[in-house]
Amino acid sequence: GMEFTAAGGLMQSELLLVNREPAALAKYLPKLERCASFIESRRDPKNNLFLAGPAGNLLAPSFAGCKTPDGTYGKAYLAGLSVTYIAFLDRLIELEKLAGHADQTQLWSGRRASAREGLALIATDEGYFVKSIDPDGTKHGVFGAAKYGYFEASPNHDAICFRVVDDAQSQRIYQKLASIPGLRRYDL
């Protein structure tokens, strides 16, 4: 439940930012901090990416993780988790500011900066994000590759919509989305 924990934190944070109710902020802010700390428990300090296992993604959940030699599945670096978590942290930081928690604002700002450093590792040379990377470096979701050559839309459109990436990378991601026949079936 890693990525849907980040998504739930993101949605609750947005609700609190819109309503700005002191009682609700006092009630939910400690819970949101625990959610963020839970996600932090999966951070690999060597690369600032987050490990997730089977059913760790938001959609379906359909992510299997990394297949091991014995046929079971272990953890892999899930791009959607990094993207959604950074979007969550953007909002959590604003809530900490609203609550007057300078120490927590600094803590989560530092963790967000570290998570952003990891984004380069889950991006392709074209600038879009893969679905995941196995611990051995195998990338899933490099469009057109001989193995795992699909395009994973959700971390890419989320990175644009939640402004996790800058305008230049957003344009590169969108250009890739627009270039794949059948992906934009209804001229969205």
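Ordering of 92-99, 152-159, 66-73, 139-146 by packing is 152-159, 92-99, 139-146, 66-73, highest average first (other Cβ atoms within 10 Å, averaged per residue). Whole Å is fine, so just give me how far the alpha carbon centre of the stretch 1-23 lies from that of the stretch 85-145. Cα centroid to Cα centroid, the span is 17 Å. Summed over all non-identical Cα pairs, the Kirkwood treatment of the stretch 98-188 gives a radius of 14.7 Å. Between the residues L15, A55, P45, the greatest Cα displacement towards the positive end of the dipole of the stretch 13-60, with unit charges on the Cβ of Lys, Arg, Asp and Glu, is found for P45. In plain terms, the chain from T72 to A168 could stretch by 30.6 nm, reckoned as 0.36 nm per residue minus the Cα-Cα distance. Using the 1.4 Å probe convention, the accessible area of the stretch 22-96 works out to 43 Å² per residue with neighbouring protein chains retained. Per residue, the stretch 101-188 exposes 58 Å² of solvent-accessible protein surface, assessed with a 1.4 angstrom probe and all protein chains in place.
In order along the stretch 50-55, the Karplus-derived 3J(HN,Hα) couplings, from 6.51 cos²θ - 1.76 cosθ + 1.60 at θ = phi - 60°, round to 10, 8, 9, x, x, 6 Hz, and Gly and Pro are given as x. Between Y150 and A120, the FRET efficiency from the beta-carbon distance, with R0 = 35 Å, is close to 0.95. The share of C-alpha pairs in the chain whose separation exceeds 25 Å stands at 36 percent. For the chain, what % of the accessible area comes from carbon and sulfur atoms, probe 1.4 Å? The C+S portion of the solvent-accessible surface of the chain is 55 percent.
Rank these by accessible area, largest first, 1.4 Å probe: S82, S37, S109, S62. Don't skip to the end; give the middle numbers.
Numbers: S82 0, S37 55, S109 35, S62 75 Å².
If we order S82, S37, S109, S62 from most to least accessible, we get S62, S37, S109, S82.
Mind putting a number on the dipole of the stretch 40-160 about its Cα centre? Charges go on the C-beta only, +1 for Lys and Arg and -1 for Asp and Glu, and I need it in Debye to the nearest 20. Using Cβ point charges on Lys, Arg, Asp and Glu, the stretch 40-160 gives about 140 debye. Length, then width, then depth: along the principal axes, the Cα atoms of the stretch 13-84 run 52, 29, 17 Å.
The values are calculated or read from the model by the stated rules, or taken from the named source; none is laboratory data. Being a predicted model, the structure only gives us computed values, none of them experimental. Cβ coordinates were reconstructed from backbone atoms using ideal geometry, including for glycine residues, and neighbour counts include every protein chain displayed. Note: areas computed on protein heavy atoms with side chains; ligands, DNA, RNA excluded. Shrake-Rupley method; radii C 1.70, N 1.55, O 1.52, S 1.80 Å.
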